[in-house]
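Novice: Structure incoming, see below.
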Amino acid sequence: MNGVETEASDKSSVLQHLTASDLDIPHVCYHPSLGAIETCDTCIVSVNGELVRSCSTGLKNGDIIETASEEVRKAQVIGMDRILHNHELYCTVCDYNNGNCEVHNTVKEMKINHQSIPFEPKKPYEADRSHPYYRYDPDQCILCGRCVEACQDVQVTETLSIDWERERPRVIWDNDVPINESSCVSCGHCSTVCPCNAMMEKGMEGEAGYLTGIDRDTLRPMIEITKAVETGYGSILAISDMESAMRDERINKTKTVCTYCGVGCSFEIWTKGREILKVEPHAEAPANGISTCVKGKFGWEFVNSEERLTKPLIREGDAFREAEWDEAISLIARKFGEIKNTYGPDAFGFISSSKCTNEEAYLMQKLGRGIIGTNNIDNCSRYCQTPATLGLFRTVGHGGDSGGIKDIQNSDLVIGVGTNTSESHPVLATRIKRAHKLKGQKLIVADLRKHEMAERADLFVRPAPGSDLVWLSAVAKYIIDQGWADEEFIQNRVNGYGNYVESLAPFTLEFAEQETGISKEELIRIAEMIHDAKTVCVLWAMGVTQHSGGSDTSTAISNLMLITGNYGKPGAGTYPLRGHNNVQGASDFGSMPNRLPGYQHIEEERVRKNFEHGWGVKLPEKPGLNNHEMVEGMHSGTLKAMYLKGEDMGIVDSNINHVHSGFEKLDFFVVQDIFLSRTAQFADVVLPASPSLEKEGTFTNTERRIQRLYQVLEPLGESKPDWQIIQEVANAVGANWDYKHPSDIMEEAAQLTPLFAGVTYERLEGFKSLQWPVAEDGTDTPNLFMEEFPFPDGKAIVFPLQWTKPVHFGEEYDIHVNNGRLLEHFHEGNLTYKAKGITSKTPSVFLEVSPELAAERGLKNGTLVRLTSPYGNVKVKCHITDRVQGKEVYLPMNDNGDAAINLLTSSYADKDTDTPAYKETMAKMEILQSEGTDPLPSINHRNGNPQPQIGVNVQKKWARKDYIFPGDLVKKEMR
Amino acid sequence: MAKATKTVYRQEFTQEELRSKDLREVEDALIDNKDALLESLSILNHMHERGILTLLNGLFGQGDKVLNILVKTADTPETSNTLKNLLLLTGVLGTLNVKQIEPLLLKVNSGVARVAEMNDTEEKTSYFSLVKALKDPEINRAITLLLSFLKGMGEKTEQKERQTEEFSVQRRDPGKSLG
């Protein structure tokens, strides 16, 4: 290298090696998370006398690399000149002038003072400002193709491309439609990776700079002056650097963790006062890197909503009045005291939140158990993932994902069962879509609906609702019968095999075909694909767990992975995809009726003694009520008081008419939330809490990864972080707590919980994270079960099962009402409907109806129907789509009015965990109004027209008549 | 037995209560920032005395208009040239070696002084008086100085210019190539 011998890895490119050796080679289109795109031609160096792009040239032993010669420099300058032909430099009045503009920085590093090809606007294109959240300005676009690469091969929505055949190429959406009418899912990848201001978040426009908020009329002449005055870029760049440094004074960049699903995306939020300018992901974010989805990138308007609660509310008859904190807390203390004296501690119920932090989950259960004296504490994982946790406890001993998102990405075969991954866990889904598109990963999807993952799958099967256990067991039996089971793994690491094999006897292919509707051939194909793959990951979610046999089906998945040896190695295992940001953590930190933090059994005396010693209290011994049982307690009169935080139980629990009448029977009900939720409307005292952006703490994502969030904004009005409120309530009823900061709480939890022994805030600083179990020295566990399973003899257990048939509602209820999430709205939508841009594209809920059903019943797009189950009814407009088939309809859960799905659901539940069987819902349908407007507007991304291709198709650029590789140009000149 | 309700009675404050609450906040702020405020007041006072406040008031009050006029005025070739020259000169000034220039400037000064003293005369300098003048030590020193200055001026300085290195690569199709 430049005459000096160096050592390098043969896996890295020349550019990577040079950068790692601190040799600054210019580069604009290369992005560490996207790889070589080969469009910018600025990273040219000489390798063995040839001028080549260093980003795409691999290193070989003995290569001679020159980076400083005149011809290298000349070639690089030609590349940069061509970029500047496409980009107007007006940095000081540009909103992207924040120190990270790669065009600016490269011009500066290359010490370019003038350009030989003057900037020319890309006529006739106008800037496209149609999308609510980002704009595209062709005149500023340098055609580097990063956005296309990100859209095609990272997010894999396949909307963006560059049309290289035009005289002036530009980025286009679908087949050249305005952004807002395309298949764009608003994930924000393109604006995140754009190296300049071409693709920019609208939140930044006119806000980021000191001079950028100026009227357009004034701004244009200003740009002209800036350009006319330039004596060479040096002095202009110096001034813009100063302006950019000044911006740091008023723009804060704070790391936080997203609360919209269990993937655990972390990123920085840029704020100016209370205004959110943009969300900026970073390559070093452990779960998501540069990725986000629409909610994480653009869904934060709710924090400044006028509907936020800013003062405590106290009920007076049939209304609330605003009150001071002191009054509210002393009222709670008095009422709690009276009820405890009269009815005892078990008349209380505590509901923790999967949206709150680990520290807050810990405090809530400490208050319930340690101060009030009851184990009646639960959280909303009861509504979703408790069956998965139980299935894993039965078989492998830890209730969490076996590995991380990287393992899913690197797996040979991914099987998704009852998971609408690309809508419910969008960023995690991108890793599968990418691996499937580019790396030859195989994908099997078992689901009722033909959602995006199903469309992409190598094999898509549609089992009859509630029959997953049957086909999973039949596949396991077939694998064993063929002699494809991993005998060595079973021998060394699994107990109970004999009994298990016997239990499979009824699950013949014939039986499975008859009960599930999946053909024998397809079942055999699944078995073969598992057999052929070196590593298999199974992902599952609510389509499995929210059934009468949810725990059993989860167990069947784990059984199948055990007998095929797909545990204890990277790239394999079971992945119950956690739905909320802290579903994992809420249970991890003890908000469960039978387990203390770290899943330690309340019934074990040794465990209790440890906590009693740590907390200086006596603990109740017998497990408490789960939230399903609490509702029954309200009805039977045994549960008198409830303290619930951050959970809209009155919307998300099943059979909500029944839940509402339970709430009405409570003597005293305290709800802590950021809005006056449906649940809060039943409360006696409502306490205003602060959302994640207004506090510190930690969340644990689906990978068991603990991550810190920092405070982005001050609490709004008189709202307070939940941990502070719980502490005030606890101290008012006699606790003597003195937590100054969430780290004090984590320190205490870590001392009492072997699973988190080594968790400290220092080890979680910035983007650092830990995957539990964490040993005292801070060693964490990215992959579980590598050596052994956490059972006495270190062996896993295969668990014999029987099939529980789904609930039958009776003949008249002939429509199966599937339900779940949508990409763009979070749950019932009380957060995301506050985002105007999201709501403009998806204004309301809709009922997906199959073309067959539409033809049979005379339904059209926009027909208003009523669905009636034995438990209630909903009114909703139809949208006809082949994502659903036959008499199966899909009702997303994003409504809290007349179309709230839980008006239909029953109180039937998983037999082992009481998780409601939301997915076993049948209804009858009647038409209320035949004509209406389609509830899904034409600008919704589902109506778009994606244009799949691999990357940016740079070969088409190279094939242009007017393109000559700068290296060739220089060589010709030198000759 | 609580029925669901969305009715919330906001805390109503009388005008009087609001006013005293606001006053209290202002008072607190005043006390917390006593020193800074007093100092700012004295600065404001000075500015007021010199009429700067009135000027700024006009400027800020009509901010957009003023800026627009300013920018449009500035957006002419003359003004941009002035600015450009200023930027160029600033750059050049930075490269001057004042230590070396100082004695030279002193000499120029005293030369200028002599010239200023001299009345416009009809006196002419003949070839012989020129040669004779070379013997004058003061004149001789000045000529030597000028000669070395001229030599310095003749040196190549292209590399030091604040301009891009323009490459003389001939392009078959300049201007239209892609970025």
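Novice: With n ≥ 4 as the cut-off for DSSP H runs, can you work out [θ] at 222 nm for the protein assembly as shown, using -39500 (n - 2.57) per run divided by the number of residues, rounded to the nearest 500? Walk me through the intermediate numbers first.
Specialist: Working: 41 runs with 419 residues, N = 1154.
Using -39500 (n - 2.57) per qualifying helix, the result is -10500 deg cm²/dmol.
Novice: From the backbone phi of region B:22-37, what are the Karplus-calculated ³J(HN,Hα) couplings (6.51 cos²θ - 1.76 cosθ + 1.60, θ = phi - 60°) in whole Hz, Gly and Pro given as x?
Specialist: Taking θ as phi minus 60°, the curve returns 4, 4, 4, 4, 5, 4, 4, 4, 4, 5, 4, 10, 3, 4, 4, 5 Hz for region B:22-37.
Novice: Quick check on the exposure proxy: order A:Y125, B:Y127, A:Y643 from fewest to most C-beta atoms within 10 angstrom.
Specialist: Listed from fewest to most nearby Cβ atoms, that is B:Y127, A:Y125, A:Y643.
Novice: Given A:I332, A:Y136, A:G403, which one lies farthest toward the positive end of the charge dipole of chain A, if we put +1 on the Cβ of every Lys and Arg and -1 on the Cβ of every Asp and Glu?
Specialist: Positive-most Cα among the choices belongs to A:Y136.
Novice: In debye, nearest 20, what is the charge dipole magnitude of region A:649-695 about its Cα centre with +1 on Lys and Arg Cβ and -1 on Asp and Glu Cβ, if you could check? Mind dumping the intermediate values first?
Specialist: Details: 3 positive and 6 negative charges, 18 e Å.
The dipole magnitude comes to about 80 debye.
Novice: If you take the square roots of the eigenvalues of the alpha-carbon gyration tensor of region A:505-564 and sort them as a ≥ b ≥ c, do you get rounded (a/c under 1.5), prolate (a/b over b/c) or oblate?
Specialist: Cα axes put region A:505-564 in the oblate bin.
Novice: How charged is the neighbourhood of A:G951? Take every other residue with its Cβ under 10 Å from the Cβ of A:G951, and add Lys/Arg as +1 and Asp/Glu as -1.
Specialist: -3
Novice: Here is a follow-up. Taking the Cα centre of the protein assembly as shown as the origin and placing charges on Cβ (Lys, Arg +1; Asp, Glu -1), which of B:L130, A:Q385, A:N731 is farthest toward the positive end of the dipole?
Specialist: B:L130
Novice: Let me ask something else about it. At B:D32 and A:K227, where each label point lies 7 Å from the Cα along Cα→Cβ, what is the point-to-point distance in nanometres?
Specialist: Inter-label distance under the simple model: 4.8 nm.
Novice: Peptide A:214-227: average number of partner chain Cβ atoms within 10 Å per residue?
Specialist: Values: counts 5, 5, 0, 4, 8, 1, 2, 8, 7, 2, 4, 9, 2, 1.
Partner-chain Cβ atoms within 10 Å, mean over residues of A:214-227: 4.
Novice: Roughly how many nanometres apart are two label points built 7 Å out from the Cα toward the Cβ at A:E306 and B:K132?
Specialist: Distance between label points: 9.9 nm.
Novice: How far is helix A:742-752 tilted off the main Cα axis of chain A, in degrees rounded to 10, range 0 to 90?
Specialist: 60
Novice: I would also like to ask the following. With +1 on each Lys and Arg Cβ and -1 on each Asp and Glu Cβ, and nothing else charged, work out how big the dipole of region B:15-73 is about its Cα centre, in Debye to the nearest 20.
Specialist: 520
Novice: Which net charge results when you count Lys and Arg as +1 and Asp and Glu as -1 among the other residues whose beta-carbon is under 12 Å from that of A:N873? Walk me through the numbers before you get to the answer.
Specialist: Details: positive: A:R866, A:K875, A:K924; negative: A:D898, A:E926.
Combined, the nearby Lys, Arg, Asp and Glu give +1.
Novice: So, one more: Taking θ as phi - 60°, what are the ³J(HN,Hα) couplings along region A:962-972 by the Karplus curve (6.51, -1.76, 1.60), each to the nearest whole Hz, with x for Gly and Pro?
Specialist: Result, ordered by residue: 8, 9, 10, 4, x, x, 5, 4, 5, 4, 4 Hz.
Novice: So, one more: Enumerate the calculated ³J(HN,Hα) couplings along region B:39-50 in order (Karplus 6.51 cos²θ - 1.76 cosθ + 1.60, θ = phi - 60°), each rounded to whole Hz, writing x wherever the residue is Gly or Pro.
Specialist: Coupling constants for region B:39-50: 5, 4, 4, 5, 5, 4, 4, 4, 4, 4, 4, 8 Hz.
Novice: Which shape class, rounded, prolate or oblate, goes with region A:815-943 when its Cα gyration tensor gives a ≥ b ≥ c as root eigenvalues, a/c under 1.5 marks rounded, and past that a/b bigger than b/c marks prolate?
Specialist: Oblate is the answer for region A:815-943, as a/c is 1.5 or above yet b/c matches or exceeds a/b.
Novice: Going by the alpha-carbon gyration tensor, a ≥ b ≥ c the square roots of its eigenvalues, is region A:386-576 rounded (a/c under 1.5) or, if a/c is not under 1.5, prolate (a/b greater than b/c) versus oblate?
Specialist: Details: a/c = 1.34, a/b = 1.18, b/c = 1.14.
It is rounded, given that a/c, with a ≥ b ≥ c, falls under 1.5.
Novice: Can you work out the FRET efficiency for the pair A:S938 and B:N97, with r the C-beta to C-beta distance and R0 = 60 Å, to the nearest 0.05?
Specialist: 0.30
Novice: Rank the residues A:M364, A:M746 as a footprinting-exposure proxy: fewest other Cβ atoms within 10 Å of their Cβ go first.
Specialist: Numbers: A:M364 31, A:M746 25.
Fewest-to-most Cβ neighbours within 10 Å comes out as A:M746, A:M364.
Novice: Mind pulling the angle between the C-alpha long axis of helix A:216-229 and the longest principal axis of chain A? Nearest 10 degrees, somewhere in 0 to 90.
Specialist: On a 0 to 90 degree scale, this one is about 40.
Novice: Here's another thing I want to ask about it. Round to the nearest 0.05 the FRET efficiency obtained for A:N492 and A:Y761 when R0 = 35 Å and r is the Cβ-Cβ distance. Working shown, then result.
Specialist: Numbers: r = 40 Å, r/R0 = 1.13.
With a Förster radius of 35 Å, E is 0.30.
Novice: To make sure I understand, if each residue's beta carbon is the centre and we count other beta carbons within 10 Å, what order do A:K406, A:K335 fall in, fewest to most?
Specialist: A:K406, A:K335
Novice: Excluding A:Q727 itself, calculate the net charge of residues whose Cβ lies under 12 Å from the Cβ of A:Q727, where each Lys or Arg counts +1 and each Asp or Glu counts -1.
Specialist: -3
Novice: With charges only on Cβ, +1 for K and R and -1 for D and E, what is the dipole size of chain A about its Cα centre, in debye, rounded to 20? All intermediate terms of the calculation are to be shown ahead of the outcome.
Specialist: Values: 101 positive and 138 negative charges, 155 e Å.
It comes to approximately 740 debye.
Novice: Considering only DSSP states other than H, G, I, E and B, which trypsin sites (Lys or Arg not before Pro) in region A:531-603 qualify as loop sites with at most 12 other Cβ atoms within 10 Å?
Specialist: Counting only loop positions with at most 12 other Cβ atoms within 10 Å, the trypsin sites (Lys or Arg not before Pro) in region A:531-603 are A:K534.
Novice: Also, I was wondering about something else. Order the peptides B:6-15, A:28-37, A:267-276 from the highest to the lowest mean number of other Cβ atoms within 10 Å of their residues. Please report the intermediate quantities before stating the final value.
Specialist: Working: B:6-15: 10.5, A:28-37: 21.4, A:267-276: 18.0.
With the highest mean Cβ count within 10 Å placed first, the list reads A:28-37, A:267-276, B:6-15.
Novice: Here's another thing I want to ask about it. Please give the contour-minus-distance gain from A:K971 to A:K875: 0.36 nm per residue of separation, less the Cα-Cα distance, rounded to one decimal in nm.
Specialist: Once the chain is fully extended between A:K971 and A:K875, it gains 27.3 nm.
Novice: Moving on. Return the FRET efficiency for the residue pair B:M153, A:A238: r is the Cβ-Cβ distance, R0 is 30 Å, and the value is rounded to the nearest 0.05.
Specialist: On the way: r = 29 Å, r/R0 = 0.96.
Computed FRET efficiency for B:M153 and A:A238: 0.55.
Novice: Here is a follow-up. In nm, to one decimal, how far is the modelled label at A:D882 from the one at A:K805, with both set 7 Å along Cα→Cβ?
Specialist: The two pseudo-label positions are separated by 3.3 nm.
Novice: Angle, helix A:386-395 long axis vs. longest principal axis of chain A, Cα atoms, 0 to 90°, nearest 10?
Specialist: The two axes meet at around 90 degrees.
Taken together, the values in this text are just the output of simple stated rules run on the coordinates, not laboratory data. The structure presented is a predicted model; accordingly, all values stated were derived computationally and were not measured. Cβ: placed from backbone, ideal geometry, glycine included. Neighbour counts: every protein chain shown.
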